[in-house]
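S.K.: Here it is, the structure, as structure tokens.
The values are calculated or read from the model by the stated rules, or taken from the named source; none is laboratory data. Just so you know, these numbers come straight off a predicted model, no measurement behind them. Here the Cβ positions follow ideal geometry from the backbone for every residue, glycine too, while neighbour counts run over all protein chains shown. Quick note on the areas: whole protein, heavy atoms, side chains included, nothing else; ligands and nucleic acids left out. Shrake-Rupley method; radii C 1.70, N 1.55, O 1.52, S 1.80 Å.
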Amino acid sequence: MCGIVGQIDYSGKKLDTQLIRQAASRLKNRGPDDSGVWAEGPARLAHQRLAILDISIDGHQPMQSIDGRYIIVFNGEIYNYLELRNELDDEKNAWKSRCDTEVILAAYSKWGRACLSHLRGMFAFAIWDRSEQSLFAARDRLGVKPFYYYASNDSISFASRPRALFALCSEIDWNIDAQALRFYLELGYIPSPWSFHEKICKLSPGHYLFFSHGTLRVERYWDFRSIKPCEEWES
């Protein structure tokens, strides 16, 4: 379990890295082992790390791709990362760590958003493209790992928990979403994309989002109905 938080703001205002540090500190219980902040242009990303696969400093986040184009913050575990690492193991990937975070970066560098079809695990991650100045984020198929976000005309903020968004965005209030409350009373939980707060959305399981220069696109990449039954079940 780790904590991720970030903000992309195309308005041109000066970045306040201290503010995102404060937001990330609200997620310290999710990642007490290490913390990091990366900021450049319209983007700022932060991470609270719980070190599991590679407990060395090599697994520090936010992490940069080999060519320097992509920056990632990641929460979760990719179960087939060793297989993917072998598949991606060529002269373009001079591995610097033994963690699955670096494998996600390499997979995205090669396949783009199609990398999601290769990943097996529980995850919520966000990748900033320094070249195209765009954000790609995704949540695992069943929504094991959380991903909350708040979007306005020219910015998007995201985090593992709403409390980090309240520290990052002064315009977010504590107003309860009436429809979300109705869902909770009727179903016992709040389905995505609603959250308990009016202005905060949850990225739905099996979905990704793409944010570029004020334009937000959210799309499904996986549906449980696409699962093919085993041959034994068919017989």
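S.K.: So how exposed is Y149, as accessible area in Å² (1.4 Å probe, rounded to 10)?
M.R.: Taking all protein chains as shown, Y149 has close to 20 Å².
S.K.: With θ taken as phi - 60° and the coefficients 6.51, -1.76 and 1.60, list the Karplus ³J(HN,Hα) couplings across region 15-24 in order, rounded to whole Hz; mark glycine and proline as x.
M.R.: Taking θ as phi minus 60°, the curve returns 6, 10, 5, 5, 5, 6, 5, 5, 4, 5 Hz for region 15-24.
S.K.: Counting only protein heavy atoms and using a 1.4 Å probe, what share of the accessible area of region 1-110 belongs to carbon plus sulfur, as a whole percent?
M.R.: Exposed carbon and sulfur together represent 46 percent of the surface.
S.K.: Next up: Give a residue-ordered list of calculated ³J(HN,Hα) values for region 65-80 (Karplus: 6.51 cos²θ - 1.76 cosθ + 1.60, θ = phi - 60°; whole Hz; x for Gly, Pro).
M.R.: 5, 4, 7, x, 7, 10, 10, 10, 10, 9, 10, x, 8, 9, 5, 9
S.K.: Further question on the same structure: Within the set of other residues whose C-beta is less than 10 Å from the C-beta of S192, count the net charge using Lys and Arg as +1 and Asp and Glu as -1.
M.R.: Within the 10 Å Cβ shell, the charges total +2.
S.K.: Express in Å², to the nearest 10, the accessible area of I55 obtained by rolling a 1.4 Å probe over the protein heavy atoms while all chains stay in place.
M.R.: Taking all protein chains as shown, I55 has close to 130 Å².
S.K.: Let me ask something else. Along each of its three principal axes, how wide is the spread of alpha-carbon positions in the chain, in whole angstrom units, largest first?
M.R.: Dimensions of the chain along the principal axes of its Cα atoms: 53, 49, 33 Å.
S.K.: Taking a probe of 1.4 angstrom, what is the accessible area of K96 in Å², to the nearest 10?
M.R.: Surface accessible to solvent at K96 totals approximately 150 Å².
S.K.: Please work out how much length the chain gains when fully extended from L142 to S117, using 0.36 nm per residue of separation minus the C-alpha to C-alpha distance, in nm with one decimal.
M.R.: Contour length minus Cα-Cα distance gives 7.6 nm.
S.K.: About its Cα centre, what dipole magnitude does the chain give when the only charges are +1 on Lys and Arg Cβ and -1 on Asp and Glu Cβ, stated in debye to the nearest 20?
M.R.: For this selection, approximately 620 debye.
S.K.: Note down the relative contact order for the chain as a percent, whole number, built from C-alpha pairs under 8 angstrom at least six residues apart.
M.R.: 19 percent
S.K.: Mind giving me the FRET efficiency for E186 and L216? R0 is 22 Å, r the Cβ-Cβ distance, nearest 0.05 is fine.
M.R.: 0.15
S.K.: Suppose only helical runs count, i.e. DSSP H with n ≥ 4. What mean residue ellipticity at 222 nm does that imply for the chain under -39500 (n - 2.57) per run, divided by all residues and rounded to the nearest 500 deg cm²/dmol?
M.R.: Taken over the chain, the calculation gives -6000 deg cm²/dmol.
S.K.: Right, another one. Heavy atoms only, probe 1.4 angstrom, no DNA, RNA or ligands counted: give me E132, E219, E102 ranked by accessible area, highest first.
M.R.: Correct descending sequence by accessible area is E132, E219, E102.
S.K.: Pull up all non-local amide H partners of V144: gap of 5 or more, or a different chain, and H-to-H distance under 5 Å with H placed in the peptide plane.
M.R.: Amide H neighbours of V144, under 5 Å, 5+ apart: F123.
S.K.: Taking H placed 1.01 Å from N in the peptide plane, check which residues at least 5 places from I127 or on another chain put their amide H under 5 Å from its amide H.
M.R.: F136, A137
S.K.: Which whole-Hz couplings ³J(HN,Hα) result when phi for each residue of region 37-44 is put into the Karplus expression 6.51 cos²θ - 1.76 cosθ + 1.60, θ = phi - 60°, listed in order with x for Gly and Pro?
M.R.: 9, 10, 9, 6, x, x, 10, 8
S.K.: I'd like to check one number: the per residue accessible area of region 1-150, probe 1.4 Å, reported in Å² as a whole number.
M.R.: Each residue of region 1-150 exposes 44 Å² on average to a 1.4 Å probe.
S.K.: What distance in nm separates the simple spin-label points at I55 and N153, each placed 7 Å from Cα in the Cβ direction?
M.R.: Simple spin-label model gives 5.1 nm for this pair.
S.K.: Please give the contour-minus-distance gain from L15 to F196: 0.36 nm per residue of separation, less the Cα-Cα distance, rounded to one decimal in nm.
M.R.: Extending this stretch completely gives an extra 62.3 nm.
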